[in-house]
Amino acid sequence: MWSIVSPCQQAPDSDSWQAAHIHNIFAESERKGVNMPKTDDLILEPQGELTLQRPALSDATNMFGDVYGGWVTSQVVLAAEMRAAQIARGRIATVSVSSMQFMSPVLVGTVLSFYTRVVDQGHSSARLLVEAWGRCPNGSDLRKVTEAEVVLVAIDPAGHIRRLPRDE
């Protein structure tokens, strides 16, 4: 779902944008067979641990002046790698990145925050959900930009898969 209003443009009615976005989340969840509580008071907020914050700079723009999706995707993977390296207490490698849908364009100057949470953890790998949220440089108007699941595996110095350390 693409929103015409970017995080750093004033929406005619911010509450309307959020309500439409919540409606889309419920519709997608229903399509996937996930039961979500029905509430009019649902407020979208970042979920997970703040792992990375970066300003969107002019060197990452497409020919239309918007920050291109490939740059945002690389930052999503970087945030996942940072969190996975903490979990693995060492070297990791990215195995896969799920498809991403961009909900809002990103303009130069938008401060992007990447939140990570562990979805699943195996003997040698972790699956993380990364949410990207954009906020104007003046601190106003936080909006979700995209999210993706990233699978990463712990590797040793020779590049071979190794077990994740156990928390004791």
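What follows draws every value from the coordinates through simple rules; no lab data is involved. The shown structure was predicted, so the numbers you read here are calculated from the model rather than taken from an experiment. With ideal geometry, Cβ positions are generated from the backbone for all residues, glycine too; neighbour counts draw on all protein chains shown.
Database remark: amide H of LEU52 closer than 5 angstrom to the amide H of PHE114 (H placed geometrically; neighbours at sequence offset of 5 or more, or on other chains; Pro and chain starts carry no H). Each of the peptides 136-143, 69-76 was scored by the mean count of other Cβ atoms within 10 Å over its residues; in descending order, highest first, they stand as 69-76, 136-143. The Cβ shell under 13 Å around ILE87 holds other residues with a net charge of +4, Lys and Arg each +1, Asp and Glu each -1.
The H on the amide N of ILE155, modeled in the peptide plane, is under 5 Å from the matching H of ARG91, ILE92, ALA93, ARG162, each at least 5 residues off or on a different chain. Once the other residues with Cβ under 9 Å from the Cβ of LEU152 are scored (Lys, Arg +1; Asp, Glu -1), what is the net sum? Neighbour charge sum, excluding LEU152 itself: +1.
For the stretch 46-154, the relative contact order comes to 34 percent (Cα pairs under 8 Å, sequence separation of at least 6).
In plain terms, the bigger the Kirkwood radius, the slower the diffusion; for the stretch 46-154, with that radius from Cα pairs, at 20 °C and 1.002 mPa s, Stokes-Einstein puts D at 153 µm²/s. Mind listing the long-range amide H neighbours of VAL108? Cut-off is under 5 Å, sequence gap 5 or more, other chains count too, H placed in the peptide plane at 1.01 Å from N. Close amide H contacts, sequence-distant or interchain: VAL67. Phi angles across the stretch 130-141 convert, under the Karplus curve 6.51 cos²θ - 1.76 cosθ + 1.60 with θ = phi - 60°, into 3J(HN,Hα) values of 10, 10, 10, 10, x, 9, 4, x, 7, x, 9, 6 Hz, Gly and Pro given as x.
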